[in-house]
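Heads up: the structure comes next, in C-alpha cells.
The values are calculated or read from the model by the stated rules, or taken from the named source; none is laboratory data. Remember, it's a predicted structure, so these values are computed and weren't measured experimentally. Cβ coordinates were reconstructed from backbone atoms using ideal geometry, including for glycine residues, and neighbour counts include every protein chain displayed. With ligands, DNA and RNA removed, areas are computed over all heavy atoms of the protein, side chains included. Shrake-Rupley method; radii C 1.70, N 1.55, O 1.52, S 1.80 Å.
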Amino acid sequence: NADFDGDEMNMHVPQNLVARAEAEELMMVHHNIVTPQSNRNVMGIVQDALLAIQRFTKRDSFLTKSELFQCLMWIDGWDGVIPAPAILHPEPLWTGKQVFSLFCPKLNYRGKSNSSGGQEDSNFNLDDTKVYIRQGVLYSGMVDKKIVGTSGGSLVHITWLKFGWFETMRFMNLLQRVVNTWFASKSYSIGIS
C-alpha cells in the first residue's frame with residue numbers, strides 16, 4: 001500500500017539472534033492465518049480470486065478439455081487421475097466443481113453462500129446456495145466470500161482447525177492459482193453503473 005502521497009514506513013531490524021529467530025517464527029505469514037485474539041481467520045480469498053471462484057463453481061460453469069488441462073497443470077501433487085466429464089456429447093465438458101474437488105482438503109463441510117434467493121428450506125436447491133462438501137468433493141453450492149472469506153466457520157477456518165497451517169496455505173495457494181488461470185481466459189467487465 002505504499003504510494004507517493006507522503007506515506008510513512010518504519011523498519012525494525014532485530015539486533016540479536018534471539019530477536020531474529022523470534023521475528024522469523026512469529027511473523028511468518030502462514031502462522032498468522034488465524035488470529036489468537038478471536039480464534040477466527042484473518043486471511044481468506046479476496047478480489048480477483050474471490051470473483052473467479054464464485055463464477056468457477058456456478059452450476060453453469062463448464063470447462064473444455066484444454067481448459068481443464070490448463071487448470072490441472074497448476075495443481076501441485078495432482079495424482080494424474082482425470083475425472084470423468086460431466087457432459088459427454090457433443091464434446092466432453094467438466095464442471096468447475098469437479099476441478100475444485102481436486103484440490104479441496106479432504107473434509108466434510110456444510111455452509112450457505114451469500115447469494116441466497118427465495119429458496120430457504122426446500123429440498124431442491126434452486127439457487128445453488130447450499131454448499132455441501134463431503135470428503136473433499138464439492139457436490140453442490142457456489143463457493144463465495146462466506147465460504148472462503150475471512151469469517152469464522154469458513155472453509156479456510158475449518159481447514160486450519162482440522163489440518164493445520166500447512167494444508168490451509170496449500171489450499172489457498174492452489175485455489176488462487178487454478179481459478180486465476182481459468183479466469184484469465186474468461187471475460188468479465190464492470191462499469192460505474
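Descriptive notes on the structure:
- Distance between modelled label sites at L126 and S185, nm, 7 Å Cα→Cβ extension: 3.4 nm
- Split the chain at each of the chymotrypsin sites (Phe, Trp or Tyr not before Pro) in a DSSP loop with at most 12 other beta carbon atoms within 10 Å, and the longest piece is 5-123.
- Between R20 and N114, the modelled label-to-label distance comes to 4.4 nm, taking each label 7 Å out from Cα in the direction of the beta carbon.
- Straight-line cross-link partners of K130 among the lysines, defined as a Cα under 23 Å from its Cα and at least 8 positions apart when in the same chain: K58, K97, K106, K112, K145, K146, K162.
- In the chain, the portion of solvent-accessible area held by carbon and sulfur atoms comes to 55 percent [1.4 Å probe, whole percent, DNA, RNA and ligands not counted].
- Average Cα contact separation per residue, the chain, under 8 Å, 6 or more apart, as relative contact order %: 26 percent
- Distance between the pseudo-spin-label points of A84 and E8 (7 Å out from Cα toward the beta carbon): 6.5 nm.
- The angle separating the long axis of helix 17-26 from the principal Cα axis of greatest extent in the chain is about 20 degrees.
- Probing with 1.4 Å while keeping every protein chain in the model, the per residue accessible area of the chain equals 63 Å².
- Compared with the dominant principal axis of the Cα atoms in the chain, helix 165-183 is inclined by about 50°.
- Accessible area in the full protein assembly, largest first, 1.4 Å probe, for R177, R20: R20, R177
- If you plug the beta carbon distance of R134 and I192 into 1/(1 + (r/R0)^6) with R0 = 41 Å, you get a FRET efficiency near 0.45.
- Mean ellipticity per residue at 222 nm, deg cm²/dmol - from DSSP H runs of n ≥ 4 across the chain, formula -39500 (n - 2.57): -10000 deg cm²/dmol
- Structure-derived Cα Rg over 2.2 N^0.38 Å: which label, when the choices are (1) 0.99; (2) 1.33; (3) 1.19: (3)
- 12 Å reach of a label modelled at T64, 7 Å along Cα-to-Cβ, counting backbone N of the range 80-97: 91-93
- Cleavage-rule hits (GluC sites (Glu not before Pro)) in the range 1-84: DSSP loop, at most 16 neighbouring Cβ within 10 angstrom: E8
- For S61, residues with placed amide H under 5 Å, excluding near neighbours: G96
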